[in-house]
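Written below as structure tokens is the structure these notes are about.
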Amino acid sequence: MPKIHVQTRINGEDIDFLCESRQSLLEVLRDDLGLTGTKEGCSNGNCGACSVLLDGVLVDSCLVLAVETAGREVATIEGLATPSQLHPLQQKFLEHAALQCGICTPGFIMAAKALLAQNPKPTEHEVRYWLAGNLCRCTGYDKIVRAVLDAAAVMEKA
Amino acid sequence: MAEATAEYKVIGTRPIRPDGADKVTGRAVYGGDMRLTGMLHGKVLRSPHAHARIKSINTAKAEALPGVKTVITVKDFPVAEDRMANLGEMAVNVKLLSNNVMAADKVLYKGHAVAAVAATNAHIAEEALGLIEVEYEVLPPVLDVLDAMKDEAPLLHETMTTTELGQKTDKRSNIANHMRFLLGDPAQGFREADVVIEREFDTATVHQGYIEPHNATALWNEDGHLYIWTSTQGAFVVQRQAAEILGLPVSQVSVTPCEIGGGFGGKISVYLEPVAAVLSRKAGRPVKIIMSRIEEFEATGPTPASHIKVKMGAKKDGRLVAAEASLMYEAGAFPGSPVGAGCMCIFSPYAIPNMQVDGYDVVVNKPKTAAYRAPGATNAAFASETVVDELAEKLGMDPLEIRRLNGAKEGDRRVDGPTFPRIGYLETVHAALEHEHYATPLTGPHRGRGVASGFWFNVGFQSTVVINVNADGTVSLVEGSTDIGGTRASIAMQAAETLGIPYEDVRPTVVGTDGIGFTDVTGGSRTTFATGYAAHEAALDVLRQMQERLARRWDGEMEKEFEGQAERATVRITPDDVTYANGVFKCAKDAGKSMTFKEVTAQMARMGGPITGRATSQPRGVGGAFATHIVDVEVDPDTGKVTILRYTAVQDAGRAIHPSYVEGQIQGGVVQGIGWALNEEFVYNDNGNMVNSSFLDYRMPTTLDLPMIETILVEVPNPGHPYGVRGVGEVPIVPPVAALANAIYRATGKRMTQSPMSPGYVLSKLME
Amino acid sequence: MAIVFIPAMLQPLTGGVSQVRVAGRTIRTIINNLEERFPGVKERLLQDGDLRPDIAIAVDGEMGLDGLAEQVGENSEVHFIPPISGG
Amino acid sequence: MQAFDYVAARTVDEAVSLLAAKGAQARVLAGGTDLIVQLREGRRNLELVVDVKKIPDVNVLTYDPQNGLQLGAAVPCHRIYGDATIARAYPGLMDAFQLVGGTQIQGRASVGGNLCNSSPAADTTPTLIAHRATCVIASPTGRREVPVEQFCTGPGRNVLGNGEFLVALRFPAPPKNFGAHYLRFIPRNEMDIAVVGVGSSVVLGDDGATVSAARIALGAVAPTPLLVEEAAAALIGKPISDATIAQAASAAQAAARPISDMRGTIEQRRHLTGVLTRRTLQGAMARARGETLSHA
């Protein structure tokens, strides 16, 4: 099976890679590009651990073929913090102890980023509705929802 | 940051965890992130049958597929000896453990491993699985505990006989073990009872549901040394189990624990590590295997489905006088369900003079069960706490009042014999009674409030900690406890408190089997308790060494100052003369002499060299934990769907070291209990195939299914720990199933005797 | 003389006796003395010279850690219970 | 996952010829949230995947009060309810489009894809039927149109022949006093496949009571989504009332042919068909009278 040459942008950088058409974006990010911050939980779109932004839209990278990203913009957890500072969501997740094992955290933070970009002052229900596609088994979600609401307040003021 | 309680500077505060930045930026390395030069990808071929004899395996076609480097079956494993070995939390039969990792002559559950492939990429490995030809002689499966217990049931293990009340018999059966606990005279107790309730309950198989799939990367070198990288709750357990299965000395197996994406008891025994190891040896290259979510459900270690009978009797005034229970737990393909723990927990919140509890460990054609957070206790509490609720109703008593009246306290005896040390159960009941949630009446149609209590022993086990002192006054703490719930922070906090230095000055590092002394699993709610204990002792060791160094330094100075004054020169300074408080060492015999912790570290090179404190712990005085939960629900009468309006969990934490992570453990345990209660179950078809092995149809709670989970930390310090710590991780999962059953009853008038209480089940009860 | 609680499963060997005072400063001695009084109990408690893997010792409510060498006080309570492990 | 070729077609004709050449060995990729899972779990083996997302015709999303809504088959759900005008014009459609899978799924999943996957429990199909949508199909011999209620022919099967694929869905402009509502029953509040789904619509007369037109379509209770004429008949020509709604609900129950599986039993599904038909008709009635329903 000949590999396909794909040119795309990841976290603001032009990236090109070779991949088979059956390789998912998740697989290429993790195995070929070494961006292992995006995690695999189920590989069939049911847990959100592999959430990334594709042209600003929140998607499961396990259900996107890597070839589909040609000419498009991918944003992953590795692109969120600036060299000197964590993103407010990352900081609030830490302050609220909104993670325990942390495997679902990158997915939740990317999902919350997409939410706040579209709805800067969400209610608790709106946060819960938006994040229902992200499963967490350690925290019971309480502190995750509080961290997102707190980050929204901080970002609103900034 | 909340300021510390008056008593402590660090304990009780909520600092940021030291590994936090790596986890929120995606830099933390989990087992699945491992990449080694020349690494191959492994896949496991799993049985499509729930019960079959393996006639033959032909791997020729698979081996011929381009990209495939090697294929293995059980023939590539050393013959496992049929003997017991202490391989983790408790003794395990090596032959059964090995047969679960790779089937020998029989497959005992759908998903049982029969072969494995290593190839240049996972897709090719997967294709190769389809080319392995296995000839099976399919046998009838048995899938339900009651069916399996019948004499005519198909036998999983031809040679297994029942151990009946501790006596090995020669009765061949699927019942591996029948145990009994007895206290007082239950028959007499029931005669004295004014009210007796007897009910039967069924619970379905449920899974830990950790989001990170099992993974293992192995490199078996040409020099015979085996390196393993894996996400595990216990690197030393993986080391021992792999060594036993592969016939290696423990020193020849180095296990590096990567970050772990959740375990809850499910990542203690090995599944992939020995397979990756044998693939690596045969291929001569490192091999990584990652389970799919389907494999997680069908081939790891769920918690047992069970059938439970409970009978309890009380006097008119509400005093419980007699209790009997019979617990039948599915062990899965191999014996060893947590029915013993279930028997010992079922009535533990109560002081009852007459109790008999029978436990049955029964094999069925399902994956071998593994621990799942207070293993065996949730099933049992569902039964007993529902009957206690019914007794309270029959006697016209408030359900918390009957619990307060009968609550166990120090000196009361458990059914398995020992009496309770200082415990905090009644404190949780009082806190629940006085809480605003319980005081606020629940109004509105189809609504109900339920309460339930739970107990878990917690364990101590073994831990090792080393503290290396740096010249700038900071320390690096080395430990073997993998950090799942923020224990790097709770352990560093205890070391900082003892050393009298800021939390930020303690840098904890989790290392593997080559980096620290033996350390048991992160599990059993033990890590903050036992590894924290060792951290405290290692810190005391550091301080002792500093006192010795200072005594020598000050003694020398004393001699210089009193030169020529004969009688004064006889004054000697010993380590006992050196006191330490609030970060400052002082000399009892000379107020002028003092040095801060930082100053001592700066001088180490001229005061005897590096200082390393170390301690191992196998603490006694393990403090058991109790919880009492309150839940309000609304049930849609048209659909049977349960909505949780409010949930409050009260728990005795002994002393909360890092309150945020104690709250997190409680909230996480409650939500796992809610999933167990409402929608989680393994659904099997008639020939033993699980039909809902995905996160789509194995329904764990989402953000939208829950309110905030309120937590009330009751602190009855555990005398067995320097800072009063009790394990907190497991007990929160015990009450929820029962609390929800009682709430649904109050909302619908229908007693729930089955979990999960799915909408379909509740609807069928409403339509009765 | 410690108080040894006979688990339900061994009571057939002790004629239904559920508690008995037994001399001995370690579990090993206590089990030997128990055997003298109730023949057959030792074989149910020990295997290959050590505690059976499915039996643990609790002394005064504390899980025993030293196997047969576990110290027992003058008025201690001794219980034989299944080992506990966590999740 | 089996290997396959991938082509991103630029035009409808290119897609049609690619599909025609490979027959059952080729499949359209829009959002991929069904197809990629089927490929990964070996429930479908293909030689060619034809990505249509670069074809303008399948990305159309236009609405005007006269001609109604043109919805390209590959338009992902989030784009549809992201358009305030369309969301206001068709609240009954948004009920379904907002709950297909979680947020991540809605970032990719298309209504066309959901329809072409043709699951009996598809969330969007009952409400497409309630809104009288028409399927615009490209084929080797040109375009053809099929009413959506005739599109599905069995579990996972539909009318698409060799070389054919769905280009768009056309919806008439909502007539005056039109109201529609979709509800499904799932054990959790998100991320589940419907145990039962019902899409209902009514058109009321100027008196705001007499039903001039009605459609009730059921999901997950027959091999295909089911348009129940008898249920509509119970409403048409009479003032809408609890009584006529109850008759429509029992007609729907009678027409349902549910099975028992891991998600629900026959009795449960038959009971829920009645409950959801009643509740969707009440919602459709409220919207027909100009009320808005609170978002679940």
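Go through region B:419-447 and report how many residues are within 11 Å of chain C (Cβ to nearest Cβ) and surrounded by 20 or more Cβ atoms within 10 Å (Cβ to Cβ). Spell out the reasoning first.
Let us first name the residues in region B:419-447 that are within 11 Å of chain C (Cβ to nearest Cβ), namely B:419-423.
Next cut, surrounded by 20 or more Cβ atoms within 10 Å (Cβ to Cβ) only: B:423.
Of the residues in that region, 1 qualify.
Output the number of residues of region D:78-135 satisfying the condition of being within 19 Å of D:PRO174 (Cβ to Cβ) and out of contact with any helix residue (DSSP H, G or I) (no Cβ under 7 Å at 6 or more places or on another chain).
8
Testing A:ASP142 on (1) among the acidic types (Asp, Glu); (2) within 21 Å of D:ASN189 (Cα to Cα); (3) surrounded by fewer than 24 Cβ atoms within 10 Å (Cβ to Cβ), one condition comes back false. Which one is that?
Failed condition: (3).
Please return the ranges of helices (runs of 4 or more DSSP H) entirely within region B:404-523 where 2 or more residues are of a type in the set (Gly, Ala, Ser) and modelled with pLDDT of 95 or more. Outline the logic, then answer.
Values: elements: B:425-434, B:436-439, B:487-499.
In region B:404-523, the matching helices (runs of 4 or more DSSP H) lie at B:425-434, B:487-499.
Looking at (1) assigned to a strand (DSSP E or B); (2) at pLDDT 95 or above, can you tell me which one B:ALA85 breaks?
Single failed check for B:ALA85: (2).
Does D:ARG108 qualify as being in contact (Cβ under 8 Å) with a residue 24 or more places away in the chain and within 14 Å of chain A (Cβ to nearest Cβ)? Break it down into steps so the answer makes sense when it comes.
Values: in contact (Cβ under 8 Å) with a residue 24 or more places away in the chain: yes; within 14 Å of chain A (Cβ to nearest Cβ): yes.
Against the criterion (in contact (Cβ under 8 Å) with a residue 24 or more places away in the chain and within 14 Å of chain A (Cβ to nearest Cβ)), D:ARG108 qualifies.
When you go through (1) hydrophobic (A, V, I, L, M, F, W, C); (2) crowded, with 17+ Cβ neighbours inside 10 Å; (3) within 12 Å of another protein chain (Cβ to nearest Cβ); (4) out of contact with any Gly (no Cβ under 8 Å at 6 or more places or on another chain) one by one for D:ALA255, which number turns out not to apply?
Unmet for D:ALA255, out of (1) hydrophobic (A, V, I, L, M, F, W, C); (2) crowded, with 17+ Cβ neighbours inside 10 Å; (3) within 12 Å of another protein chain (Cβ to nearest Cβ); (4) out of contact with any Gly (no Cβ under 8 Å at 6 or more places or on another chain): (3).
If a residue has to be in a helix (DSSP H, G or I) and either more than 7 Å from every other protein chain (Cβ to nearest Cβ) or free of Cβ contacts under 8 Å to residues at least 12 places away in the same chain (or both) to count, how many in region A:120-146 make the cut?
The first filter runs over region A:120-146 and keeps only residues in a helix (DSSP H, G or I), leaving A:124-133, A:142-146.
This time we only want the ones that are either more than 7 Å from every other protein chain (Cβ to nearest Cβ) or free of Cβ contacts under 8 Å to residues at least 12 places away in the same chain (or both), so: A:124-127, A:129, A:132, A:142, A:144, A:146.
Adding up the residues that qualify gives 9.
Do you know which of the residues in region C:44-59 that are surrounded by 13 or more Cβ atoms within 10 Å (Cβ to Cβ) and over 18 Å from B:GLY417 (Cβ atoms) is nearest to the other protein chains (Cβ to nearest Cβ)? Before you say what the answer is, go through the steps one by one.
As a first pass, look at region C:44-59 and keep what is surrounded by 13 or more Cβ atoms within 10 Å (Cβ to Cβ): C:44-47, C:51-59.
Add one more test, that the residue is over 18 Å from B:GLY417 (Cβ atoms), and what stays is C:46-47, C:53.
Details: C:LEU46: 12, C:GLN47: 8, C:PRO53: 3 Å.
Applying the filter and picking the extreme gives C:PRO53.
Out of all the residues in region B:47-63, is one or more within 14 Å of chain A (Cβ to nearest Cβ), touching a strand residue (DSSP E or B) at 6+ places or on another chain (Cβ under 6 Å) and in a loop (DSSP other than H, G, I, E, B)? Show your work before the answer.
Within region B:47-63, the first condition is being within 14 Å of chain A (Cβ to nearest Cβ), and the residues that meet it are none.
No, every residue in region B:47-63 fails to be within 14 Å of chain A (Cβ to nearest Cβ), touching a strand residue (DSSP E or B) at 6+ places or on another chain (Cβ under 6 Å) and in a loop (DSSP other than H, G, I, E, B).
Report yes if D:THR273 is assigned to a helix (DSSP H, G or I), within 19 Å of the chain's Cα centre (by Cα), closer than 24 Å to D:ASN158 by Cα and at pLDDT 95 or above, otherwise no.
Spelling it out, D:THR273 is indeed assigned to a helix (DSSP H, G or I), within 19 Å of the chain's Cα centre (by Cα), closer than 24 Å to D:ASN158 by Cα and at pLDDT 95 or above.
Residue-wise test of (1) closer than 30 Å to B:GLU680 by Cβ; (2) surrounded by fewer than 24 Cβ atoms within 10 Å (Cβ to Cβ); (3) within 14 Å of chain B (Cβ to nearest Cβ); (4) not aliphatic (A, V, I, L, M).
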position: D:ALA243; (1), (2), (3), (4): no, yes, no, no
position: D:ALA248; (1), (2), (3), (4): no, no, no, no
position: D:ALA251; (1), (2), (3), (4): no, yes, no, no
position: D:SER260; (1), (2), (3), (4): yes, yes, yes, yes
position: D:ILE266; (1), (2), (3), (4): yes, yes, yes, no
position: D:THR280; (1), (2), (3), (4): yes, no, yes, yes
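For region B:475-487, which positions are in contact (Cβ under 8 Å) with a residue 60 or more places away in the chain and over 14 Å from B:ALA534 (Cβ atoms)?
Listed by number, the residues that qualify are B:VAL475, B:THR482, B:ASP483, B:ILE484, B:GLY485, B:GLY486.
Which residue pairs have Cβ atoms closer than 8 Å, lie 6 or more positions apart in sequence or on different chains, and pair a first residue in region B:430-447 that is under 19 Å from B:VAL650 (Cβ atoms) and assigned by TED's automatic domain parsing to the domain that holds B:VAL716 with a second residue that is among the hydroxyl-bearing types (Ser, Thr, Tyr) and outside any helix (DSSP H, G or I)?
B:ALA431/B:THR628; B:ALA432/B:THR628; B:ALA432/B:THR648; B:HIS435/B:THR648; B:HIS437/B:THR648; B:TYR438/B:THR648
Could you list, in sequence order, all residues of region D:10-49 that are crowded, with 16+ Cβ neighbours inside 10 Å and small (Gly, Ala, Ser)?
Within region D:10-49, D:ALA15, D:ALA26, D:ALA30, D:GLY31, D:GLY32 qualify.
If you take just the helices (runs of 4 or more DSSP H) that sit entirely in region B:224-343, which of them hold at least 3 residues that are under 23 Å from the mean Cα position of the chain (by Cα) and closer than 20 Å to B:ALA85 by Cα?
On the way: elements: B:235-246, B:273-283, B:293-299.
By residue number, B:235-246.
For A:CYS42, state whether it is farther than 18 Å from B:GLY67 by Cβ, touching a Lys or Arg at 6+ places or on another chain (Cβ under 6 Å) and assigned to a loop (DSSP other than H, G, I, E, B). Give the steps one after another, and end with the answer.
Details: farther than 18 Å from B:GLY67 by Cβ: yes; touching a Lys or Arg at 6+ places or on another chain (Cβ under 6 Å): yes; assigned to a loop (DSSP other than H, G, I, E, B): yes.
Spelling it out, A:CYS42 is indeed farther than 18 Å from B:GLY67 by Cβ, touching a Lys or Arg at 6+ places or on another chain (Cβ under 6 Å) and assigned to a loop (DSSP other than H, G, I, E, B).
Hey, could you check region C:60-87 for residues that are outside any loop (DSSP other than H, G, I, E, B) and surrounded by fewer than 16 Cβ atoms within 10 Å (Cβ to Cβ) and say which is farthest from the other protein chains (Cβ to nearest Cβ)?
Step one: filter region C:60-87 for residues outside any loop (DSSP other than H, G, I, E, B), giving C:62-63, C:67-69, C:71, C:77-81.
Still in the list and also surrounded by fewer than 16 Cβ atoms within 10 Å (Cβ to Cβ): C:67, C:69, C:71.
On the way: C:GLY67: 11, C:ALA69: 14, C:GLN71: 11 Å.
Per the criteria, the residue is C:ALA69.
Checking B:ALA148 against (1) away from chain C (no Cβ under 14 Å); (2) in contact with a helix residue (DSSP H, G or I) (Cβ under 8 Å, 6 or more places away or on another chain), which test does it fail?
Of the numbered conditions (1) away from chain C (no Cβ under 14 Å); (2) in contact with a helix residue (DSSP H, G or I) (Cβ under 8 Å, 6 or more places away or on another chain), the odd one out for B:ALA148 is (2).
Run down C:ARG44, C:ARG37, C:ARG52, C:ARG21 and say which single residue is of a type in the set (D, E, K, R), farther than 24 Å from B:GLY720 by Cβ and in contact (Cβ under 8 Å) with a residue 24 or more places away in the chain. Write out each step before concluding.
Details: C:ARG37 fails: in contact (Cβ under 8 Å) with a residue 24 or more places away in the chain; C:ARG52 fails: in contact (Cβ under 8 Å) with a residue 24 or more places away in the chain; C:ARG21 fails: in contact (Cβ under 8 Å) with a residue 24 or more places away in the chain.
After ruling out the rest, the residue left standing is C:ARG44.
Give me the residue from region B:668-694 that is over 15 Å from B:PRO756 (Cβ atoms) and out of contact with any helix residue (DSSP H, G or I) (no Cβ under 9 Å at 6 or more places or on another chain) and, out of that set, surrounded by the most Cβ atoms within 10 Å (Cβ to Cβ).
B:GLY688
Which condition number in (1) small (Gly, Ala, Ser); (2) free of Cβ contacts under 8 Å to residues at least 60 places away in the same chain; (3) farther than 29 Å from B:ALA374 by Cα is the one that B:ALA218 fails?
The single condition B:ALA218 does not satisfy is (2).
Quick check on B:ILE491: is it closer than 18 Å to B:GLY729 by Cα, within 14 Å of chain A (Cβ to nearest Cβ) and of a type in the set (A, V, I, L, M, F, W, C)? Write out each step before concluding.
Numbers: closer than 18 Å to B:GLY729 by Cα: yes; within 14 Å of chain A (Cβ to nearest Cβ): no; of a type in the set (A, V, I, L, M, F, W, C): yes.
Spelling it out, it is not the case that B:ILE491 is closer than 18 Å to B:GLY729 by Cα, within 14 Å of chain A (Cβ to nearest Cβ) and of a type in the set (A, V, I, L, M, F, W, C).
On the basis of being touching a Gly at 6+ places or on another chain (Cβ under 9 Å), touching a residue at least 24 places away in the same chain (Cβ under 8 Å), within 11 Å of chain A (Cβ to nearest Cβ) and of a type in the set (A, V, I, L, M), does D:LEU48 make the cut? Let's see the steps before the verdict.
Values: touching a Gly at 6+ places or on another chain (Cβ under 9 Å): no; touching a residue at least 24 places away in the same chain (Cβ under 8 Å): yes; within 11 Å of chain A (Cβ to nearest Cβ): yes; of a type in the set (A, V, I, L, M): yes.
No: the conditions fail for D:LEU48.
Yes or no, residue by residue, for (1) surrounded by fewer than 24 Cβ atoms within 10 Å (Cβ to Cβ); (2) within 25 Å of B:GLY583 (Cβ to Cβ); (3) in the same structural domain as B:ASP576 (by TED's automatic domain parsing):
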{"position": "B:GLU479", "(1), (2), (3)": "no, yes, yes"}
{"position": "B:GLY524", "(1), (2), (3)": "no, no, yes"}
{"position": "B:ALA534", "(1), (2), (3)": "no, yes, yes"}
{"position": "B:ARG552", "(1), (2), (3)": "yes, yes, yes"}
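Looking at D:GLN66, D:GLN98, D:GLN104, D:GLN70, which one is surrounded by fewer than 24 Cβ atoms within 10 Å (Cβ to Cβ) and touching a Ser or Thr at 6+ places or on another chain (Cβ under 6 Å)? Working first, answer last.
Working: D:GLN66 fails: touching a Ser or Thr at 6+ places or on another chain (Cβ under 6 Å); D:GLN98 fails: touching a Ser or Thr at 6+ places or on another chain (Cβ under 6 Å); D:GLN104 fails: surrounded by fewer than 24 Cβ atoms within 10 Å (Cβ to Cβ).
Exactly one of D:GLN66, D:GLN98, D:GLN104, D:GLN70 is surrounded by fewer than 24 Cβ atoms within 10 Å (Cβ to Cβ) and touching a Ser or Thr at 6+ places or on another chain (Cβ under 6 Å), namely D:GLN70.
The values are calculated or read from the model by the stated rules, or taken from the named source; none is laboratory data. Keep in mind that what you see is a predicted model, and the values were worked out from it rather than measured. Methodologically, a virtual Cβ is constructed for each residue, glycine included, from the backbone with ideal geometry; neighbour enumeration extends over all protein chains shown.
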